[in-house]
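Contents: one structure, followed by commentary.
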Amino acid sequence: MLIFKSVQETQSVCAQLRREGRILGFVPTMGALHEGHLSLVRAAKAECDVVAVSIFVNPTQFGPNEDFAKYPRSFEQDCTLLEAEGAHLVFAPAAEEMYPAGTSTFVHVEGVSERLDGASRPGHFRGVATVVSKLFHIVCPHKAYFGQKDAAQVAVLRKMARDLNFPAQIVVCPIVREPDGLAMSSRNRYLSPEERRQALVLSRSLKRVEELAACGEMSSRKLTAAAREVLAAEPSVRIDYITAVDPDTLEEIDEVSSGTLFAVAAFVGSTRLIDNTILKA
Ligand code: PAF
């Protein structure tokens, strides 16, 4: 497995692979890899000739009071996992390599970037769209893989890829859960055993919504109220948002239908977790 830190080297190796006619799959990550990330690598391996993975804790997507400094970093272990999965190339730049002094160009996907996590974390999606567009220019993938857990990120990046004519196909892979239902996240490492238990209420609230929708309840207001009731069982879990939206625009809707995104974000202790489900007919 090749490991590069330089933009130029990565760009020229990826360009060469494309010239040779290889289908290039790309999995952008911030490291601290878990089964969710590895499922993306496996999907890329199954569909592409070469799999590149980036590991970069992107400073521009963290707010001033967020967890950039303490975000888990486990580079050696990540490389061991990626090697075992058969990834071909890792791009792990330093912050100065991605954002040299004087960098002043950013990508802002208007509208969708201000909804869900974008409303709670101002500037977050500007950072995500900027770094992913830079990574797309460096790797030039045929296909790029993202997790459904970050549903709002998916909406922003799909729109960005369309608006800026990136040729990469955006592939979205299902949420990977722990056996007890907790959606996998690098931030789960922050949870104490008690918080880890409390956090299960997020997936439980979504299960309730799925059950009610399957029985024909279509009112967003009633589904949201039912989810809030489940979440209330853990009073120390503080809801950030809980809402039914269109998965592309992230605009709120009154009546759910097949394909509606039902999403929740909540603080468990000081850890902000997100989870969601796409409702079926
Ligand atoms: O989902 C993530 O891990 C990050 O937001 C991403 C897409 C790697 C950009 O930094």
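None of the figures in this text is laboratory data; all of them are computed from the coordinates on show. Keep in mind it's a predicted model, so treat the numbers as computed, not measured. Methodologically, a virtual Cβ is constructed for each residue, glycine included, from the backbone with ideal geometry; neighbour enumeration extends over all protein chains shown.
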| field | Per-residue ³J(HN,Hα) for the stretch 2-14, Karplus 6.51 cos²θ - 1.76 cosθ + 1.60, θ = phi - 60°, Hz, x for Gly and Pro | value | 7, 10, 10, 10, 9, 4, 4, 4, 4, 4, 6, 5, 5
| Ranked list, fewest to most other Cβ atoms within 10 Å of each Cβ, for I242, I253 | I253, I242
| task | List, in the order given, every pair from K5/K134; K5/K70; K149/K280; K222/K280; K45/K143; K207/K280 whose Cα-Cα distance in the structure shown is over 19 Å. | result | K5/K70
| query | How big is the chain in terms of Cα radius of gyration and Dmax, in angstroms? | reply | 18.9, 57
| query | Which percentage, to the nearest 5, of the DSSP beta bridges contained in the chain is antiparallel? | reply | 50 percent
| field | Residues K45, K70, sorted so that the one with the fewest Cβ neighbours within 10 Å comes first | value | K70, K45
| request: May I ask for the equivalent-ellipsoid semi-axes of the stretch 235-281, computed as the square root of five times each C-alpha gyration tensor eigenvalue and listed largest first in whole Å? | output: 23, 9, 9
| Based on the Cβ-Cβ distance from A46 to A95, what FRET efficiency comes out when R0 is 45 Å, to the nearest 0.05? | 0.90
| What is the order of M1, M30, fewest Cβ neighbours within 10 Å to most? | M1, M30
| message | On C-alpha positions alone, give me the angle between the axis of helix 151-163 and the longest principal axis of the chain, in degrees, nearest 10. | response | 50 degrees
| Helix 200-214 versus the longest principal axis of the chain: what is the Cα-based angle in degrees, 0 to 90, to the nearest 10? | 70 degrees
| request: List the residues whose amide H sits under 5 Å from the amide H of S257, counting only those 5 or more places along or on another chain, with H placed 1.01 Å from N in the peptide plane. | output: none
| request: Mind putting together the pair-distance distribution for the stretch 170-223? All Cα pairs, 10 Å bins, whole percent per bin, short to long. | output: 20, 40, 31, 9
| task | Within the stretch 175-217, find all residues whose amide N lies under 13 Å from a label point positioned 7 Å from the Cα of E35 along Cα-to-beta-carbon. | result | 175-185
| Folded to 0 to 90 degrees: helix 35-47 orientation relative to the chain principal axis, Cα | 60 degrees
| query | What does the convex hull of the alpha-carbon atoms of the stretch 1-105 project to on average, in nm²? | reply | 7.4 nm²
